[in-house]
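The values are calculated or read from the model by the stated rules, or taken from the named source; none is laboratory data. Everything numeric in this text was worked out from a predicted model, so none of it was measured. Here the Cβ is made from the backbone with ideal geometry for all residues, glycine too, and neighbour counts use every protein chain on show. With ligands, DNA and RNA removed, areas are computed over all heavy atoms of the protein, side chains included. Shrake-Rupley method; radii C 1.70, N 1.55, O 1.52, S 1.80 Å.
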Amino acid sequence: MISVGHPPEQMMFQLSLRRRGISDQSVLRAMESIPRDLFVAPADRAHAWRDTALAIACGQTISQPFVVAYMTEQLQLKSSHRVLEIGTGSGYQAAILSKLSRDVLSIERYRTLADSARARLEGLELHNVEVMLGDGYDIPANVGAFDRIIVTAAMEEVPGALLERLETGGILIAPVGPHSGVQTLVRFTRTADGIERKELVDVRFVPALKGVAREL
Ligand code: SAH
């Protein structure tokens, strides 16, 4: 049978996510609907559908698709949720989140990355995502609280001030561990009694650094 609209590499992309254990249909559909090739450097377009992280501007990376899908699945998103992302990077993860939630606020410390991610998301008409230049360690009070928080850069520990941004019943997922080397993806759930912590899988992320970048 001839496929309509999806070149073979995109079909393999979906298949590899399923094989690796992503089973949430809404997550798979969101991954299918966002063209990852628009979020990578032009020279890497041919590799965009491979299951690997790729270099983007400012020495940063767009995460491996499996890790994006896995973290998204673990967030258990609902269409009513307000979501915070720390580490916009290319904007790819924010685009996936936008398909599964009400609103996304994504914070990035490099102006170059924030500006290009914003332009891509607007180009795809994903109007429920706001990209903000800022520091995930120092979030303005006026942005309020969130149902879900996803950190896509490695933190040696998750600051209490960030956990306090979670609504009761809220979930935060972050790679926790040393800046160089392997981190553990940790899921924090805010219950009426306090914070529950569950370690998920080992991952490798670029570090979360303090302050807005002084370089562009
Ligand atoms: N989610 C991204 C990939 C993130 S790479 C994507 O889908 O492409 C991690 C990003 O976190 C980098 O762009 C880095 O600049 C950013 N970052 C690191 N520390 C940060 C901080 N304190 N506040 C905001 N962004 C930060």
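Odds and ends about this structure:
- Counting every pair of alpha carbons in segment 8-203, the share spaced more than 26 Å apart comes to 26 percent.
- Annotation for segment 116-216: GluC sites (Glu not before Pro) lying in DSSP loop with at most 15 further Cβ atoms inside 10 Å of their Cβ are GLU125, GLU156, GLU157, GLU164, GLU215.
- Ranked by solvent-accessible area (1.4 Å probe, protein heavy atoms only, all chains present), the residues HIS127, HIS6 order from largest to smallest as HIS127, HIS6.
- When you filter the trypsin sites (Lys or Arg not before Pro) in segment 1-50 for DSSP loop state and at most 13 other Cβ atoms inside 10 Å of their Cβ, you are left with ARG20.
- Here the Kirkwood formula, the inverse mean of 1/r across different C-alpha pairs, assigns segment 92-216 a hydrodynamic radius of 15.3 Å.
- Taking amide H positions as modeled 1.01 Å from N, with prolines and chain starts lacking one, the residues under 5 Å from VAL206 and 5 or more places away or on another chain are ALA154.
- Couplings for segment 162-167, taken from phi via the Karplus curve 6.51 cos²θ - 1.76 cosθ + 1.60 with θ = phi - 60°, read 6, 4, 5, 7, 7, 5 Hz in order; Gly and Pro are left as x.
- Sequence-ordered 3J(HN,Hα) estimates for segment 201-215 from the Karplus curve with 6.51, -1.76 and 1.60 and θ = phi - 60° stand at 9, 7, 9, 10, 10, 5, x, 7, 10, 7, x, 6, 4, 7, 6 Hz, glycine and proline given as x.
- Under the Karplus curve 6.51 cos²θ - 1.76 cosθ + 1.60, θ = phi - 60°, whole-Hz ³J(HN,Hα) for segment 81-90, x wherever Gly or Pro sits: 6, 9, 10, 10, 10, 10, x, 4, x, 6
- GNM result for the chain, Cα springs below 10 Å: residue of THR61, THR152, THR52 fluctuating most strongly: THR52
- Low-density loop cleavage sites - trypsin sites (Lys or Arg not before Pro) in segment 61-101, where at most 15 other Cβ are within 10 Å (DSSP): LYS78
- Counting only protein heavy atoms and a 1.4 Å probe, the chain has 49 square angstrom of accessible area per residue.
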